[in-house]
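The values are calculated or read from the model by the stated rules, or taken from the named source; none is laboratory data. Predicted, not measured: the structure shown is a model, and the values here were computed from it. Neighbour counts run over all protein chains shown; Cβ positions are idealised from the backbone, glycine included. Heavy atoms of the whole protein, side chains included, go into the accessibility calculation; ligands, DNA and RNA do not. Shrake-Rupley method; radii C 1.70, N 1.55, O 1.52, S 1.80 Å.
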Amino acid sequence: MARYYLTTAIDYVNNRPHLGTAYEKIAADIIARYHRLIGDDVRLVMGNDEHSQNVFKRAKEQGLDPLVYCDRMEGEFREVWQRLGIAFDDFIRTTEPRHKAAVQAMVQRSFESGDIYEGVYEGWYCVSCEEFKPEKSLIDGLCPVHRTKPDWIKEKNYFFKLSKYRDALLAHYAAHPEFVEPESRRNEMLSLLKGGLEDISVSRAGQAWGIPLPFDPGNVVYVWYDALINYAAAVGYGSNADMFATWWAQADQPARNVTHLVGKDITRFHCVVWPAMLMSAGLPLPTAIFGHGWVTFKGEKMSKSLGTVVDPLDAAGRLGPDPLRLFLAKEIVFGGDGDFSWDRFEEKYNADLANNLGNLVSRVTSMVHRYRQGALQVSAAATDLEARAAECVAAYRRDMDALHLEAALAAVFQFADTVNEYIALKRPWALAKNQQAAELDAVLWNAVEAVRIIAVLLSPVMPSSSAEILRRVGVPEADALAPSIHDSRDDSRFTINGARTVLQRDALWPRLESKETVVSENPNPEPNQVPKAPAPQAKSPEPQAKAPEPVEPQASSTPEQPVSLWPMESRVSIEDFLKIDLRVAKILSAERVPKSKKLMKLSIDLGSEQRTLVAGIAEAYEPEQLVGRHVAIVANLKPATLMGIESNGMVLAASPEGGKPMLVSFDTPPAPGTRVR
Ligand code: MSP
């Protein structure tokens, strides 16, 4: 078991959280929950940064004492985090006594070791950034971030000998490649260090809002110097030596992991200034600092003046906190920038949740009800599906450990696709019709177990939805996450906790209908009739009537209400369809794959390139029948290896029940590469 101490940046409280600041906290919560899931001893700390001049100003504008204002804001922040499902272990404020004690202890220590000295600062200061700005960093005399003219100040300041630590920092970077992530940020920091460091101001004169310097109380500690120390203060530096030893100071423990998660705009403070402060105070450095990217809104930086701020509670209120968490973690490559738009959020909700996962849960639970009245016995594992689960768990663990959140989630949703395919292939409805009871039991058991594994893997991202899925597939709450994923081999086994009582409930994520769809269903709407999307549930709904969608073709459909094979809930949008790039290809050569009855290796011409692909058509065609023929292929399919051959694409063929495949063909051969729609 490792000890994992994770922190986020602490937020300025002059404004409420927006989707960008919330993104960081959601990501941290996902990482922390994942580490709890794999059995680590985790401490997630978040908090508020209160000693900024902007905070002081905002309090005064509201006619409030700054501390009273900060108390109110703490309440607002905590409420937002709670409504987004964020489960931190501690919340620190920079006005707390424990923080003040830590700041004064650390500043005093550096002062005594000669790293803090008195001087005069004359230059620019941007209050919005809370940063001293070198002349060369300004653009047309303005702060490049805020486009405002900084203040010119001349005041007595204490300086920290940052320059002294340049070589030690470079040595640390060289010895610890994981110290700054992702690599692009590490390279940025390295070039900054190589360019040389100047000493920095660490105090402000003539201000009352801040922590007084212990050796010159007429001055307060500069807000950034103050804020960075929160990471040590929150685990007891200056107030609780035992706790500090447990979470921070035991540098040599191999299992120690202290990770700071911060935005890319503040990496310099965290990757250069903070480690130098720790070196000066004789303390071990964090294990890693991860600089995540920006969440933009329609391509714009979130800014109040541009009207591009998204309230995270609006977003969570629209489709639920779990779908929002999934969207942010899955659709943004962690470490890069990513855009939020309402359309895309809804589109992904429909694709991943309503259609894919939600439909899978509904299908599986309602089949267990229809065929087994909800009661399921343990059956033998389907080896193929179990092996795919093991692959999924391994990929997920590897990617979560490397903080590739989006890749880990993609692996889980690919596995959900696999389970849907497994059901389509096994046709449980046909097994029921033919009274193949044992086979039907096994298919249902395997599908339920696969859903359980998906829910466990998604639990860090969608905690309440996963708990609800586990409840529906009959995993008692106490056991739900107990078979944690320490050992991927064991966890992906389809044998957790025996017989099940499966619950059938309403759709977890009702599909949102686009305006066009709703109108086309009702060609003569009343004037002013506004098509309405169903209100999806964010959390576990109470037991309700039957699941709404048919799960498989049903024999007993009435003439008035034929049951469609393609219920509305499972249909894809034109946008989803167009993601599949179908093209005309000409077959250049064909040969049977040795030791396979079905597979044929094809070399094809796509107009712009030639490729190899493997198609399951060898029982229907001879190689010589194929060469020169024009076929339709899926051109943008990820490669797959079949019998040791990498296949790049898939040939389209009709697959008659019990018959041989028939290639899709054309009246006259179009040019290779022509798009098929
Ligand atoms: N108070 C400082 C941090 C001190 S940490 C010792 C601060 N506060 S902040 O409120 O401005 O930002 C808090 C965090 O949110 C920072 O990590 C910042 O990078 C991040 N983000 C602010 N806007 C963001 C986006 N639009 N997108 C993603 N993260 C964003 O900086």
### Task
May I ask which residue of 240, 411, 302 lies farthest towards the positive end of the charge dipole of the chain, with charges of +1 (Lys, Arg) and -1 (Asp, Glu) on Cβ and the Cα centre as origin?
411
### Query
What does the range 396-447 give for Rg and for Dmax, in Å, if only its C-alpha atoms count?
15.7, 48
### Task
Evaluate the Debye formula for the chain with equal point scatterers sitting on the alpha carbons, no solvent, and hand back log10 of I(q)/I(0) at q = 0.06 Å⁻¹, in q order, two decimals.
-0.45
### Task
Can you grab the distance from the C-alpha centre of the range 17-51 to the C-alpha centre of the range 321-345, Å, no decimals?
16 Å
### Query
Going toward the positive end of the dipole of the range 84-157, with +1 on Lys and Arg Cβ and -1 on Asp and Glu Cβ, which of 138, 107, 95 do you reach last?
138
### Task
For the chain, find the longest principal axis of its Cα atoms and tell me its angle to the long axis of helix 321-331, 0 to 90°, nearest 10.
90 degrees
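Hey, what's the chain come to in accessible area per residue, 1.4 Å probe, Å²? Let's see the in-between values first.
Values: 30450 Å² over 677 residues.
Per residue, the chain has an accessible area of 45 Å².
When the accessible area of the chain is computed with all protein chains present and a 1.4 Å probe, what percentage of it is carbon and sulfur? Please list the in-between numbers first.
Values: 15820 of 30450 Å².
Of the solvent-accessible surface of the chain, carbon and sulfur hold 52 percent.
What is the local net charge at residue 95, summed over the other residues whose Cβ is closer than 12 Å to its Cβ (Lys, Arg +1; Asp, Glu -1)? Write down the numbers at each step before the final one.
Details: positive: 93, 98, 100; negative: 49, 50, 65, 71, 74, 96, 226.
Charge balance in the 12 Å sphere: -4.
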### Percentage, to the nearest whole number, of Cα pairs in the range 73-159 over 17 Å apart
68 percent
### Message
Placing unit charges on C-beta atoms (Lys and Arg positive, Asp and Glu negative, everything else neutral), compute the dipole magnitude of the range 42-109 about its Cα centre in debye, rounded to 20.
### Response
200 debye
## Note on the structure
The long-range amide H neighbours of residue 203, using H built 1.01 Å from N in the peptide plane and a cut-off of under 5 Å, are 158, 222
### Message
Rounded, prolate or oblate, given the Cα gyration tensor of the range 273-330, with a/c below 1.5 counting as rounded?
### Response
prolate
### Query
Using Cα atoms only, what is the angle between the long axis of helix 437-458 and the major principal axis of the chain, expressed in degrees (0 to 90) to the nearest 10?
20 degrees
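Let me know the shape class of the range 244-365, please: from the alpha-carbon gyration tensor, a ≥ b ≥ c as square roots of the eigenvalues, rounded when a/c is under 1.5, otherwise prolate if a/b is greater than b/c, or oblate.
Working: a/c = 3.47, a/b = 1.70, b/c = 2.04.
Here the range 244-365 falls in the oblate category.
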## Note on the structure
Per-residue ellipticity at 222 nm attributable to helices in the chain (runs of n ≥ 4 DSSP H, -39500 (n - 2.57) apiece, nearest 500 deg cm²/dmol) works out to -11000 deg cm²/dmol
### Message
Can you tally the net charge around residue 64? Count Lys and Arg as +1, Asp and Glu as -1, for every other residue whose Cβ sits under 11 Å from the Cβ of residue 64.
### Response
0
### Query
Are there cysteines in the chain with no other Cys C-beta under 4.7 Å, and if so, which?
70, 271, 392
### Query
Relative contact order, percent, of the chain when contacts are C-alpha pairs under 8 Å separated by at least 6 residues?
11 percent
### Positive dipole terminus of the chain, leading residue within 293, 656, 262 (C-beta point charges)
656
### Query
In the range 2-91, how does Rg compare with the Kirkwood Rh, expressed as the Rg/Rh ratio over alpha carbon atoms?
1.05
### Query
Of all DSSP beta bridges located in the chain, what percent are antiparallel, nearest 5?
65 percent
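Which shape class applies to the range 309-423: rounded if a/c is under 1.5, otherwise prolate when a/b exceeds b/c and oblate if not, where a ≥ b ≥ c are the square roots of the Cα gyration tensor eigenvalues? Walk me through the intermediate numbers first.
Working: a/c = 2.95, a/b = 1.49, b/c = 1.98.
It is oblate, given that a/c is not under 1.5 and a/b is not larger than b/c.
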## Note on the structure
The percentage of Cα-Cα pairs in the range 578-647 separated by more than 21 Å is 21 percent
#### Entry: Cut-off under 5 Å, modelled amide H: who pairs with residue 653 long-range
664
